[in-house]
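Report on the structure given below.
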Amino acid sequence: MTDRYPIFTLWMKQQGFIPEHKFHATRRWKMDYAHQKLLIYLEVEGGHWVKGGGGHTRGQARIDDIEKQNAAVLAGWLPIICTPDDIKKGLAHQLIEKALIELDPCRQKETPQSG
């Protein structure tokens, strides 16, 4: 994946994500953005509106993506799947922020204790 989203990639790096993270010992699979400490990864799946389909939507490529995603889940990773439009519209940013708040103890807000 070439960096089509430099500002988003910079923000992801600031949040602790690594672009193009190779996560499997024997396969050449990469996650678009991966947070190794929290085991969260973001996949950007494009080509849905390309005539004839894009790389993530064609037969064998889609099957391969499913195999990769299942392997990641079984290894303990939480996938967040988005489209390029989700990045442009800010939805991917919101999803990542929500995941970080839910999963990173350093970002969790203290809840008032009832007494």
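Just so you know, all these numbers are worked out from the coordinates, no wet-lab data involved. From a predicted model like this one, the values you see are computed outputs, not experimental measurements.
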Radius of gyration and maximum dimension Dmax of the range 10-103, Cα, Å: 13.4, 39
Among the listed pairs LYS30/LYS89; LYS13/LYS37; LYS22/LYS88; LYS22/LYS68, those beyond 22 Å (Cα-Cα): LYS30/LYS89; LYS22/LYS88
